[in-house]
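The values are calculated or read from the model by the stated rules, or taken from the named source; none is laboratory data. Values in this document were obtained by computation on a predicted structure and should not be read as measured data. Quick reminder, even Gly has a Cβ in these numbers, built from the backbone with ideal geometry, and neighbours come from all protein chains shown. Just the protein is used for accessible areas: all its heavy atoms, side chains included, with ligands, DNA and RNA removed. Shrake-Rupley method; radii C 1.70, N 1.55, O 1.52, S 1.80 Å.
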Amino acid sequence: LFGSVSDRYGRRFILLLAIMGLFIFGVLSAVAVNKWMFLAIRVGVGICIGANFPTTLVFTSEVVASKYREYGISAILIMANFGMVFVGVAAYFLLNKVGWRWFLVIMALPALLCMIGLYLIPESPRYLVAGGERERAVETLRWYFKWNKVEFPEDWKLRIHDNLSRGNLKDILVPKYRKETILLSIMYFGNIYIIFGLVVFLPIALTEGFCGTTGKKPRLDCAKPTQANLLTYSIISSASIFAVILGLILGKYSGRKIPLRVFSFCLFLLTCCLYICITEQVTQGLFFMTKFTSSATNILIWFL
């Protein structure tokens, strides 16, 4: 949905709209009067994330040279995971001191910096060329060349496309791409299901001392996390940073499919092992490895 809108109105427009929404919904979450209002507001946050993340990756792939595209996508994923670790570290120092309402407000503030950055960055030149805006595309390219301190080649030629050349969602379901599209969609759904399942369940598991299905069952009501819980959460979240770096290296030098198969199989085994209670520390180690393998699988799917 947002991909089609960004094709029509531009990448910057969608990103600015999404980040503005993240800030507004983030602040509104702090003033929710009951859980239903809170959940409704967080749905808005989820929609904005759904608009922001893929558009950011498309924007990056369009402004980075093809030979560096993998590094550009990896940089975005690394910073996204740094953000998750930052939330854990910030929670360790702030959550139990300022309370969850003020913590949500503080976590919404970086969106303001993102809006300033997006205001300074011009539109994707590839998007402008596809829309027939040659002069704006050339000026945008000049800006990017100047920013990178590279001399702009005046003999460059830009091929102009009409709006139809941008394609549409149906194009990925034509016989030529149908099999790959369906398989990658299933793989990505499974991967994201596990990643966000960890995001939701991990705080509950750490707070309640979860240890497999044979251990103590976690409560589903609110419980205040201890400093030890927040520190453990930060450590487990950091696994994704190392995983993205390793995924980049393996994807670059050993191909995509073999590492993807290995990580996917390991991810399956690790999620199964989470059902077994050995000790609480072993379970936390399994959470770390599950976070690692799911993040490595994620970046390899993006490369495909």
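Yes or no: F287 closer than 20 Å to V200 by Cα and among the aromatic types (F, W, Y)? Don't jump to the end; show me each part of the working.
Numbers: closer than 20 Å to V200 by Cα: yes; among the aromatic types (F, W, Y): yes.
Considered against the rule, which asks whether it is closer than 20 Å to V200 by Cα and among the aromatic types (F, W, Y), F287 comes out as yes.
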Subset of the range 119-153 [within 19 Å of T56 (Cα to Cα), part of a helix (DSSP H, G or I) and of a type in the set (D, E, K, R)]: R126
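Do we find a residue being open to solvent by 60 Å² or more (accessible area, probe 1.4 Å) and assigned to a helix (DSSP H, G or I) anywhere in the range 214-229? Walk me through it before giving the result.
At the first step, the residues of the range 214-229 found to be open to solvent by 60 Å² or more (accessible area, probe 1.4 Å) are 214, 216-217, 219-222, 224, 226-228.
Now restrict to residues that are assigned to a helix (DSSP H, G or I): 227-228.
Yes: the range 214-229 contains one or more residues that are open to solvent by 60 Å² or more (accessible area, probe 1.4 Å) and assigned to a helix (DSSP H, G or I).
Could you list all residues from the range 267-288 that are farther than 16 Å from Y193 by Cα and among the hydrophobic types (A, V, I, L, M, F, W, C)?
Taking the range 267-288 and keeping what is farther than 16 Å from Y193 by Cα, we get 273, 275-286, 288.
Of everything in the range 267-288, those that are farther than 16 Å from Y193 by Cα and among the hydrophobic types (A, V, I, L, M, F, W, C) turn out to be C273, I276, C277, I278, V282, L286, F288.
Given the condition of a type in the set (S, T, N, Q), open to solvent by less than 10 Å² (accessible area, probe 1.4 Å) and touching a Cys at 6+ places or on another chain (Cβ under 8 Å), answer yes or no: does some residue in the range 266-288 qualify?
Yes, some residue in the range 266-288 is of a type in the set (S, T, N, Q), open to solvent by less than 10 Å² (accessible area, probe 1.4 Å) and touching a Cys at 6+ places or on another chain (Cβ under 8 Å).
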Test set (1) farther than 20 Å from I106 by Cβ; (2) surrounded by 19 or more Cβ atoms within 10 Å (Cβ to Cβ) - I19 fails condition number: (1)
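Considering V45, V5, V85, which residue is in contact with a helix residue (DSSP H, G or I) (Cβ under 7 Å, 6 or more places away or on another chain), surrounded by 14 or more Cβ atoms within 10 Å (Cβ to Cβ), of a type in the set (A, V, I, L, M, F, W, C) and more than 29 Å from L230 (Cα to Cα)? First the steps, then the outcome.
Values: V45 fails: more than 29 Å from L230 (Cα to Cα); V85 fails: more than 29 Å from L230 (Cα to Cα).
Sole residue among the options that is in contact with a helix residue (DSSP H, G or I) (Cβ under 7 Å, 6 or more places away or on another chain), surrounded by 14 or more Cβ atoms within 10 Å (Cβ to Cβ), of a type in the set (A, V, I, L, M, F, W, C) and more than 29 Å from L230 (Cα to Cα): V5.
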Extreme residue, least open to solvent (accessible area, probe 1.4 Å), among residues of the range 22-42 that are in a loop (DSSP other than H, G, I, E, B) and either in contact (Cβ under 8 Å) with a residue 24 or more places away in the chain or aromatic (F, W, Y) (or both): A30
Selection status of V98, more than 19 Å from the chain's Cα centre (by Cα) and open to solvent by 50 Å² or more (accessible area, probe 1.4 Å): yes
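Counting just the residues of the range 113-127 that are surrounded by 12 or more Cβ atoms within 10 Å (Cβ to Cβ) and within 14 Å of F23 (Cβ to Cβ), which one comes out modelled with the lowest pLDDT? Lay out the reasoning, then the answer.
Step one: list which residues in the range 113-127 are surrounded by 12 or more Cβ atoms within 10 Å (Cβ to Cβ), which gives 114-115, 118, 121-127.
Applying the additional criterion that residues be within 14 Å of F23 (Cβ to Cβ) yields 114-115, 118.
Details: C114: 88, M115: 88, L118: 84.
The extreme case among them is L118.
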